[in-house]
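Enquirer: My questions all concern the structure below.
What follows draws every value from the coordinates through simple rules; no lab data is involved. Note that the structure is predicted; figures quoted are calculated from it, not measured. All Cβ positions, even for glycine, are placed from backbone atoms using ideal geometry, and neighbour counts span all protein chains on display.
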Amino acid sequence: MSCNKENAPELLPAQGASGPLKFQMRMASDPRLLAVVRSTAAELAAVWGFKDEQCRGIALAIDEALSNVIRHAYKNRCDQEIELHCQAHADCLEFIFVDRGESADPAKFCGQPLDEVALGGRGTHLIRQIMDEVCYERLPGRNRLCLKKFLPGARRKV
Amino acid sequence: MKTATRQRPGTTIVDVTGDIDMGTSPGLRKTLLDSLKRTPRLVVNLREVRYVDSSGIASLVEVLKEARNTEKQLVLFGLNKTVQEVLQLTHLTRIFEIRETEEEALRA
């Protein structure tokens, strides 16, 4: 395939390249998609000014949240639907997960003490360690989890 | 995620490559537990691991528990920044025997 530059469309100047960025994904509850989503989350964080270590952390938190949905809400069924809404605000990144699986135990999102040799329970611990706000709600027929990560120096809600 | 196994006198080395997440950690767990059955010392090379999540960490903890129960040795080496960060966030850096290089791991 050749690339004829003379016929290439002229790039349009970016219009309104400021303000919040948002996009959403609707994905199957298939663990093979985790790598796709975490790399997207890390790229979004990098675009929004987070440092490399923070981008890796955000990708990990997103991965852990999705893994929890697949494992607990959908009991490892791979053909269910998960919505992920991402929005970059001036001061933070916000990720909202919506699934129609079984409800979660809200106590598990409260950060349990870590037992060093326990096999489970580290996912929610990691999410809480990395993200600044974690809010789980059971809505009629669905679960909604909202994660926020503020930019360094951004004012957080008290 | 892929694994390859090498033998040294008294030691099995498992080279792990790729991402360890909930989709791939069951395979890693099985490989490591099977290898541990056949060796007194298991050395795990994580140098080519780009990513690990809590399910991967749980697999390593399970192998460590099995090694302790059977009086065998588990040594990890070649942890990159990503893997180190996850171990630190889960407060697990002290329970594993961790070395920088393969030579150091074989001497552990």
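Enquirer: To make sure I understand, if each residue's beta carbon is the centre and we count other beta carbons within 10 Å, what order do B:91, A:125, A:85 fall in, fewest to most?
Expert: B:91, A:85, A:125
Enquirer: Please order A:105, B:21 by the number of other Cβ within 10 Å, starting at the fewest.
Expert: A:105, B:21
Enquirer: Shifting gears a bit: Given labels modelled 7 Å from the Cα in the Cβ direction, how far is it in nm from residue A:142 to residue A:52?
Expert: 3.8 nm
Enquirer: A further question follows. Residue by residue, what Karplus-based ³J(HN,Hα) values in Hz, rounded to whole numbers, does segment A:59-68 have, using 6.51, -1.76 and 1.60 with θ = phi - 60° and x for Gly and Pro?
Expert: Values, residue by residue: 4, 5, 5, 5, 4, 5, 5, 5, 4, 5 Hz.
Enquirer: Given R₀ = 45 Å, FRET efficiency for residue B:100-residue A:30 by Cβ-Cβ distance, to 0.05? Mind dumping the intermediate values first?
Expert: Details: r = 36 Å, r/R0 = 0.81.
Given R0 = 45 Å and the Cβ-Cβ separation, E is 0.80.
Enquirer: In debye to the nearest 20, how big a dipole does the protein assembly as shown give about its Cα centre with +1 on each Lys and Arg Cβ and -1 on each Asp and Glu Cβ? Could you put the intermediate results ahead of the total?
Expert: Values: 39 positive and 36 negative charges, 97 e Å.
Charge dipole of the protein assembly as shown: 460 debye, to the nearest 20.
Enquirer: Towards the positive end of the charge dipole of chain B, with charges on Cβ (+1 Lys, Arg; -1 Asp, Glu), say which of B:98, B:32, B:60 has the farthest Cα.
Expert: Looking along the dipole axis, the top candidate is B:32.
Enquirer: Using the Karplus curve 6.51 cos²θ - 1.76 cosθ + 1.60 with θ = phi - 60°, work out ³J(HN,Hα) for each residue of segment B:85-99 in order, rounded to whole Hz, and write x for Gly and Pro.
Expert: 4, 5, 5, 5, 5, 9, 6, 10, 5, 8, 7, 8, 8, 10, 10
Enquirer: So if we plug the beta-carbon distance of residue A:154 and residue A:85 into 1/(1 + (r/R0)^6) with R0 = 22 Å, what FRET efficiency do we get, rounded to 0.05? Intermediate values should be presented prior to the final figure.
Expert: Values: r = 20 Å, r/R0 = 0.91.
Rounded to the nearest 0.05, the efficiency is 0.65.
Enquirer: Under a point-charge model restricted to the Cβ atoms of Lys and Arg (+1) and Asp and Glu (-1), what is the dipole moment magnitude of segment B:2-107 relative to its Cα centre, in debye to the nearest 20? Don't skip to the end; give the middle numbers.
Expert: Numbers: 17 positive and 15 negative charges, 70 e Å.
Computed about the Cα centre, the dipole is about 340 debye.
Enquirer: Another question, if that's okay. Can you list residues whose amide H is under 5 Å from residue B:97's amide H, if they're 5+ apart or on another chain and H is modeled 1.01 Å from N?
Expert: The list, which skips near neighbours in sequence, is B:76.
Enquirer: Taking a 24 Å limit on the Cα-Cα distance, which of the listed pairs A:51/B:81; A:22/A:149; A:51/A:149; A:75/B:72; B:2/B:37; B:2/B:30 fall beyond it? Before the final figure, lay out each step's value.
Expert: Values: A:51/B:81 14 Å; A:22/A:149 15 Å; A:51/A:149 12 Å; A:75/B:72 34 Å; B:2/B:37 20 Å; B:2/B:30 12 Å.
Checking Cα-Cα distances, A:75/B:72 exceed 24 Å.
Enquirer: Also: Compare the Cα positions of B:83, A:88, B:44 along the charge dipole of the protein assembly as shown (+1 at Cβ of Lys, Arg; -1 at Cβ of Asp, Glu; about the Cα centre) and return the one farthest towards the positive end.
Expert: Working it through, the farthest residue towards the positive pole turns out to be B:44.
Enquirer: Now a separate question. Please order A:38, A:71, B:8 by the number of other Cβ within 10 Å, starting at the fewest. Could the numbers behind the result be given before it?
Expert: Numbers: A:38 23, A:71 17, B:8 12.
Placing the least packed residue first, the sequence is B:8, A:71, A:38.
Enquirer: Oh, and also: Work out which trypsin sites (Lys or Arg not before Pro) in chain B are exposed loop sites (DSSP not H, G, I, E or B, at most 14 other Cβ within 10 Å) and give the longest gap free of them. Kindly include the intermediate steps, with their values, before the conclusion.
Expert: Numbers: sites that count: B:38, B:94.
Counting only loop sites that pass the neighbour cut-off, the longest clear stretch is B:39-93.
Enquirer: Okay, next question. What is segment B:2-107's relative contact order, in percent, from Cα pairs under 8 angstrom and six or more apart in sequence?
Expert: Numbers: 182 pairs, mean separation 27.4, N = 106.
This gives 26 percent for segment B:2-107.
Enquirer: Would you calculate, for chain B, the mean residue ellipticity at 222 nm contributed by helices, counting each DSSP H stretch of 4 or more residues as -39,500 (n - 2.57) and dividing by all residues, to the nearest 500? Walk me through the intermediate numbers first.
Expert: Working: 4 runs with 44 residues, N = 108.
It comes out at -12500 deg cm²/dmol, rounded to the nearest 500.
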